[in-house]
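Below is one structure, written out as structure tokens; the observations come after it.
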Amino acid sequence: MFKEMKSRNQNLKSMVLIAVFVISIFALLFTAGISYKQIQSLSDSENSVLHSYKIFVELERLNLYCATAETNQRGYLLTRDSTFLQTYYNSLDNVHQAYINLKILIYSDEIQSRNLDSLHNLINRRFYYAANVLKKDNDSIQTSDFTKTLIINGTSMMRQAREQSGKMINEEMRLLKNREKAHKENTNFSPVTLLFTVALSLFFFILAFNKINQDLKSTNKINNQLLINNEIFEHSEQIANISNWCWNMEENTLSFSFNHYRLLGCNPDEFDPTIENFMQFVHPDDRHIVVEGNQRALDDLSASVSNFRVIRKDGELRYFNSIGKVITDSFGKTFIIGVNSDITERYHKDKMLEEKLADLERSNQELTAFNHIASHDLQEPLRKIQTFISRIRDNGFENLTANVKDYFSGIERSTLKMHKFIEDLLLYSRANKADKVFEMADLNILFENAKQELSHLIEENDATVISSVILPVHQVIPFQIQQLFINIISNSIKYRSANIPPIVHINSSIVTGAEIPGTMADLSMNFFKISISDNGIGFEQKYSEKLFSLFYRLHKEKEYSGTGIGLSICKIIVENHKGFIFAEGVPNIGSTFTIYLPV
Amino acid sequence: MENEPLEILLADDDEDDRVFFKEALEEIKVKTIISFFEDGLQLMNYLNQPGVRLPNIVFLDLNMPIKGGMDCLIEIRKNNRLKDLAIVIYSTSSTDEDIEEAFVNGANIYIKKPNDFSALKASLTQVINLNWQYHILGFKKENFLFKINHV
């Protein structure tokens with residue numbers, strides 16, 4: 001999730017960068033366009049100013065040629081020198097040429113065109129008069145009045161033409177003034193827009209640069225973090241003795257982590273990462289395991305675990321555990337990624353544990369065999385000794401001397417004692433035995449059976465065994481719970497007070513684990529609490545835990561007979577039921593045994 | 001029928017036990033003919049003789065060399081001619097496993113060898129005086145193991 005957010009963020013960043021870049025390009029193009037336009041209009045306005053000056057020049061030339069024509073006409077009239085006439089005609093040509101030039105220049109200007117037309121008209125009329133003057137002059141040497149009139153008219157035309165040209169100059173002056181103003185505005189305006197667009201693009205470029213710089217910084221930061229992570233990963237692999245590999249299925253390329261090489265006893269990148277090269281290190285007998293493991297990963301797409309041996313470069317045999325899994329990345333490419341771990345130490349430990357377990361099983365079997373010996377081979381001769389004793393007691397005992405009778409009684413007592421020991425030991429080892437069959441059993445019946453079993457002892461001691469509640473029906477190992485009742489009840493009667501008849505009382509309730517002293521119990525679980533209390537000799541509380549240890553006895557042989565096994569059996573039985581047993585005692589008042597069995 | 005002596009077989013490898021058994025039977029006021037076998041093989045050889053007279057009760061010790069009592073029991077129950085014999089297991093063992101196995105394999109009564117001579121006598125008396133027909137008909141696991149309330 002976090003990764004997705006990060007990549008989305010990364011996408012956004014590159015989008016912003018692209019946007020800024022595009023904007024910058026547009027700004028640059030805009031600036032270039034504006035500048036081009038500006039320069040073009042600048043040159044246009046310059047051209048139009050130049051155009052006005054050209055018109056001035058042509059008008060001046062027109063006037064000049066007109067004047068030259070007039071001067072030469074006069075010169076000829078005065079001197080009759082034909083060179084004047086020649087120049088006069090040349091000037092006429094020039095006037096015409098100037099008119100053509102002007103016509104072209106002011107072609108687009110309607111007012112000036114009209115002005116030029118009337119100017120041209122005036123000039124034509126002027127030179128019409130001039131031509132007539134020259135013609136009359138050729139006919140008669142004397143200057144006639146008509147000629148004079150012609151000359152005067154011509155001069156008047158000339159004056160009018162000058163006025164007309166002055167008018168045109170004025171008109172052009174006006175135009176020029178406007179054009180100069182526009183040009184000036186243009187020249188003033190161009191730097192401002194240029195400056196503005198340059199500033200704008202500069203702004204965007206700085207923005208883009210800033211963005212790139214920022215991204216570069218964050219990329220660097222990420223790169224650094226990546227480097228650190230890589231280093232951590234690298235060290236972790238070394239510490240944990242693991243390595244990883246990745247097999248790109250489409251390109252059929254493999255990559256190994258550095259530690260992959262180290263685990264094989266090589267330097268990083270010492271050989272090309274290929275299956276074949278890796279297989280060289282796998283124990284020849286185990287190569288099929290690696291192949292099958294990869295196939296399994298491909299087949300069911302779940303993690304496939306395989307264990308195989310590897311022979312390192314230095315020849316050392318190591319045990320590897322490899323887990324491979326097919327994954328598909330966000331671009332839809334398929335890989336098998338795997339983690340190899342060197343489990344040699346664990347393997348040896350496991351091996352040792354296995355051996356120990358086998359030892360344990362063997363010793364358990366020996367114990368069972370010992371039980372068998374105890375139950376048959378020890379019991380057998382003892383039973384016969386007892387039978388022989390009973391035979392002697394039945395016939396022949398009376399004939400013995402008093403001393404021998406005492407010895408005989410000693411033998412009888414010791415044999416009985418030995419018999420009890422063997423029986424209790426057998427019960428103890430049976431309680432310890434592995435096969436425990438839990439069955440639904442009514443504890444009331446088991447309690448009654450126990451009472452039945454102890455009926456002799458109860459009668460002999462004039463004891464009362466009472467149950468004031470209904471005991472639960474529960475999943476238990478029935479014969480063991482019965483044994484538990486037998487042992488505790490007989491214990492209570494055996495350690496009775498000398499002068500009051502024993503009373504054994506059983507009680508039962510349901511409690512939570514929290515009410516059980518000590519912290520071993522699951523606090524939220526419910527337990528059957530069964531307590532058996534008596535009015536016997538009790539014991540000092542400090543012995544309460546020792547009571548349950550094997551062969552531990554609080555009393556001397558002569559005072560109270562016992563093997564020190566009975567309560568140990570109780571403890572084992574309760575532990576078999578995942579329960580707890582506690583003893584509480586008050587000397588000369590009595591003792592209470594409390595059993596907690598999980599519901 | 002009352003005067004007919006009861007024919008009893010005992011297969012037990014222990015000589016002392018055979019003697020105790022014999023003495024106990026002699027002290028019981030019932031006419032019996034007793035034959036002893038030292039292992040299961042001897043017993044089976046005897047029983048498998050053609051035309052042999054079948055006994056009234058067979059006592060089998062479990063733990064014997066060559067052939068144990070349990071094997072004999074299984075063999076007898078498989079044999080058409082012998083399968084109706086009254087069989088009493090007579091063993092030192094009192095483990096649940098042995099008792100269960102003997103019951104499953106079809107023994108009629110299980111006696112744990114007592115460690116007291118008078119208890120032995122009491123057990124044997126009870127077994128011999130048992131109304132066998134009734135015992136076999138109303139056979140239940142509860143009265144399979146003989147409890148001798150006499151120490």
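Below is a table of values for the structure above.
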quantity	calculated
Whole-angstrom gap from region A:534-599 to region A:369-412, using each part's C-alpha centre	31 Å
With all protein chains modelled, accessible area of A:Ser118 [1.4 Å, Å²]	50 Å²
Chain A: angle of helix A:478-494 to the longest principal axis, Cα-based, in degrees nearest 10	50 degrees
FRET efficiency, A:Val22 to A:Ser524 (Cβ-Cβ, R0 60 Å, nearest 0.05)	0.35
Probe 1.4 Å, all protein chains present, accessible-area order of A:Lys211, B:Lys78, A:Lys148, largest first	B:Lys78, A:Lys148, A:Lys211
Degrees separating the helix A:2-79 axis from the principal Cα axis of chain A, which is the longest one	0 degrees
Label zone at A:Glu460, where the point sits 7 Å out along the Cα-to-Cβ direction: region A:472-491 residues whose backbone N lies under 17 Å	A:486-491
Sum of -39500 (n - 2.57) over DSSP H runs of 4+, divided by residues of chain A (222 nm, nearest 500)	-22500 deg cm²/dmol
Pair A:Leu298, A:Leu29: separation of 7 Å Cα→Cβ label points (nm)	5.2 nm
Largest to smallest accessible area among A:His96, A:His555, A:His577 [probe 1.4 Å]	A:His96, A:His555, A:His577
Extension reserve of the A:Phe233-A:Tyr36 stretch, reckoned as 0.36 nm per residue once the Cα distance is removed	64.9 nm
Label-point gap, in nm, between A:Tyr347 and A:Asp81 - each point 7 angstrom along Cα→Cβ	13.4 nm
Degrees between helix A:110-139 axis and first principal axis of chain A (Cα, 0 to 90, nearest 10)	20 degrees
Beta bridge orientation in chain A: antiparallel %, DSSP, nearest 5	95 percent
Cβ-derived FRET efficiency at R0 41 Å, A:Ala369 paired with B:Gln49, nearest 0.05	0.60
Estimated dipole of chain A in Debye, rounded to 20 [Cβ of Lys and Arg +1, of Asp and Glu -1, Cα centre]	2880 debye
Of A:Val310, A:Ile275, A:Tyr261, farthest towards positive along the dipole that unit charges on Lys, Arg, Asp, Glu beta carbons give region A:223-310	A:Val310
Eligible aspartates and glutamates near A:Lys333 by straight Cα distance, threshold 16 Å, same-chain separation 8 or greater	A:Glu250, A:Glu251
Local electrostatic count, B:Leu54, Cβ distance below 9 Å [Lys/Arg +1, Asp/Glu -1]	0
Förster radius 60 Å - calculated FRET efficiency between A:Leu50 and A:Met15 (Cβ-Cβ, nearest 0.05)	0.70
Reach of A:Lys136 by Cα under 30 Å, taken over lysines that are not fewer than 8 positions away in the same chain	A:Lys148
Accessible area of chain A divided out per residue, in Å², using a probe of 1.4 angstrom	61 Å²
Exposure ranking of A:Thr149, A:Thr71, A:Thr344 by accessible area [1.4 Å probe, largest first]	A:Thr71, A:Thr149, A:Thr344
Region A:225-294 and region B:1-63: distance between their alpha carbon centers, rounded to Å	79 Å
Inter-site label distance for A:Ile327 and A:Tyr89 at 7 Å from Cα along Cβ, in nm	10.8 nm
Subset of A:Lys451/A:Lys529; A:Lys529/B:Lys113; A:Lys103/A:Lys181; A:Lys351/A:Lys571; A:Lys420/B:Lys31; B:Lys31/B:Lys83 violating a 28 Å alpha-carbon distance limit	A:Lys529/B:Lys113; A:Lys351/A:Lys571; A:Lys420/B:Lys31
Spatial separation of Cα centroids for region A:26-47 and region A:471-531, in angstrom	109 Å
Dipole of region A:389-522, positive direction: furthest Cα of A:His419, A:Ala441, A:Phe397, with charges on the beta-carbon	A:Phe397
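The values are calculated or read from the model by the stated rules, or taken from the named source; none is laboratory data. Note that the coordinates shown come from a computational prediction; the quantities given were computed from them, not determined experimentally. All Cβ positions, glycine included, derive from the backbone under ideal geometry; neighbour counts span all protein chains shown. When the accessible area is computed, the model is the full protein with side chains, heavy atoms only, and any ligands, DNA or RNA have been set aside. Shrake-Rupley method; radii C 1.70, N 1.55, O 1.52, S 1.80 Å.
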